[in-house]
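Heads up: the structure comes next, in structure tokens.
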Amino acid sequence: MLLDIDTEVFDGDDHLPVIEILKLVARGRHDWSPTGPEAVRAASFVATLYAAKIKGPDLKLWATKAVEAAADRGVPAAARPRSRRGFAVTTGNVGAVADDLGKPAVLVVENRIGDGGFVQAMAAALDDQRVVQALRKRWLKFCHSGGTGQMPALAADECRDFSLIIRVAMLLDSDRDDAAKPSPNDAKVRQAQRDGVPHVHMLTWRMVENYVPFQVWDRHFPHRTDKVKELRGMVPQQRGYKHLKVHFVGRDGKMPSPLMPEGLMLSEADFHELGPDVVAELRQVLAMIHEIL
């Protein structure tokens, strides 16, 4: 999460939330790029902590680097415009902000193992190291909804855990069997948005399985090479709306779990092979996740 910290917080009555926010920044969990004077003021605050025997090596190192980075930009602070403005942290909200930033961001998905594993593998394949790191360090968690039915209500409930910075997003299947048809989940998207869920992405194609690279199916179904070959032969607009569970195992069968095989290394090219618009949409999903990190 990008922050814009008012240096007046360093003079406030409660230093504990300020320390907590700076620790989160120092550890790379959230971002603040202070101007020269802001960096110097932050470094002075950290020095005061050390003088009071409150030591934090990560804070001290971050403060030193922040001052150096501000100086290296080579533009006077007063003349340097901010290209990006983050969430404003002030003396009035610093406590609530510290609470919100210390919690993991939440991505509500239909299936934590299947969809969550897909997001993790896709982020690694597209070299989104921030999302990979957030998952590894539990800064981002998946919330399991058990299908689309309760997703809006569950996502809205997750939002209630945050007071100021609602760090919740929702990713759901379209469940469409044709590009020309509306999604049966359109109403669920609208409901989630009405209930305050700030970020919602409904997949263009039928479901997450339709975005799975071919080599995953090669791994799962070595005995069904005919089915994998048939899938490869379809144009993206046909394959993207095909019910892959029926295609591979029939309606009464079970799809492999986890969906993404452990240890299988995927690349951007594997996803691009599915169709010309796939990688662009998946990067939209990753950009949405960045909004809540």
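For this structure, a couple of remarks:
- Among the residues of the range 7-31, those that are open to solvent by less than 60 Å² (accessible area, probe 1.4 Å), touching a residue at least 60 places away in the same chain (Cβ under 8 Å) and under 26 Å from the mean Cα position of the chain (by Cα) comprise Pro17, Val18, Ile21, Leu24, Gly28, Arg29, His30.
- Search result, residues across the range 273-292 that are open to solvent by 10 Å² or more (accessible area, probe 1.4 Å) and touching a residue at least 12 places away in the same chain (Cβ under 8 Å): Glu273, Pro276, Asp277, Val279, Glu281, Arg283, Gln284, Met288, His290, Glu291
- Looking across Asp99, Asp4, one residue alone is at pLDDT 95 or above, within 26 Å of Arg130 (Cβ to Cβ) and open to solvent by 70 Å² or more (accessible area, probe 1.4 Å). It is Asp99.
- Matching residues, the range 32-51, being open to solvent by less than 10 Å² (accessible area, probe 1.4 Å) and over 15 Å from Glu8 (Cβ atoms): Ala39, Val46
- Filtered residue count, the range 238-285, keeping only those that are part of a helix (DSSP H, G or I) and in contact with a Phe, Trp or Tyr (Cβ under 9 Å, 6 or more places away or on another chain): 10
- Selection of the range 228-257 for residues being surrounded by 15 or more Cβ atoms within 10 Å (Cβ to Cβ), farther than 13 Å from Asn210 by Cα and touching a residue at least 12 places away in the same chain (Cβ under 8 Å) yields only Pro256.
- Evaluation of Ser83 against the conditions (1) under 30 Å from Val197 (Cα atoms); (2) modelled with pLDDT of 95 or more; (3) among the polar types (S, T, N, Q) shows that the sole unmet condition is (2).
- The one condition in (1) buried (at least 16 other Cβ atoms within 10 Å of the Cβ); (2) in contact (Cβ under 8 Å) with a residue 60 or more places away in the chain; (3) within 27 Å of Leu266 (Cβ to Cβ) that Ser174 fails to fulfil: (2)
- Whichever residue in the range 215-227 is open to solvent by 10 Å² or more (accessible area, probe 1.4 Å) and in a helix (DSSP H, G or I) and, among such residues, is nearest to Pro256 (Cα to Cα): His220
- Counted residues, the range 199-225 - those being more than 22 Å from Phe118 (Cα to Cα) and under 20 Å from the mean Cα position of the chain (by Cα): 0
- Reported count of residues in the range 111-164, each being buried (at least 17 other Cβ atoms within 10 Å of the Cβ), modelled with pLDDT of 95 or more and assigned to a loop (DSSP other than H, G, I, E, B), is 4.
The values are calculated or read from the model by the stated rules, or taken from the named source; none is laboratory data. Model, not experiment: these values are computed from the prediction. Note: ideal-geometry Cβ built from the backbone for every residue, glycine included; neighbour counts use all protein chains shown. For accessibility, only protein heavy atoms count, side chains too; no ligands or nucleic acids. Shrake-Rupley method; radii C 1.70, N 1.55, O 1.52, S 1.80 Å.
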